[in-house]
Amino acid sequence: MLCPDERIPAVKRREAKKEAAAAAKDLVELSAETAKEDLELAKEQAALARKLMLKYNVRLGWRFKRFYCHGCKQLIVPGVNARVRVAKGMVLTTCGSCGRVNRKSLAQA
Ligand SMILES: [Zn+2]
């Protein structure tokens, strides 16, 4: 079966992906800023960015991914709804909504 996206020329698809990546980056940065004043609005912005990333198959680096909880996929902002600790060579970010501890090795960060 032909995927509907395959009917769109490759060049156009690549450009759409680039635009989606740029928009998602802007949205994640914006949501991290917004979280300090309005957490609910910030969560909506982050959800929109995630939706864009899923639709256009965009992967962002740790700089942007760290704002998402691996458990509940919601926005986590250190100092607002997340706790960050460093232990055993790891960055431990505890989500304020679901309590999941998101781990990142310091060697990779
Ligand atoms: Zn969570």
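The values are calculated or read from the model by the stated rules, or taken from the named source; none is laboratory data. All of these numbers come straight from a predicted model, not from anything done at the bench. Here the Cβ positions follow ideal geometry from the backbone for every residue, glycine too, while neighbour counts run over all protein chains shown.
Annotations for the structure displayed:
- Single match in 55, 73, 51, 88 (criterion: within 22 Å of residue 107 (Cα to Cα) and charged (D, E, K, R)): 88
- Boolean, residue 50 is modelled with pLDDT of 95 or more and surrounded by 17 or more Cβ atoms within 10 Å (Cβ to Cβ): yes
- Tallying residues that are assigned to a loop (DSSP other than H, G, I, E, B), small (Gly, Ala, Ser) and more than 13 Å from the ligand (Cβ to nearest atom) within the stretch 57-109 yields 5.
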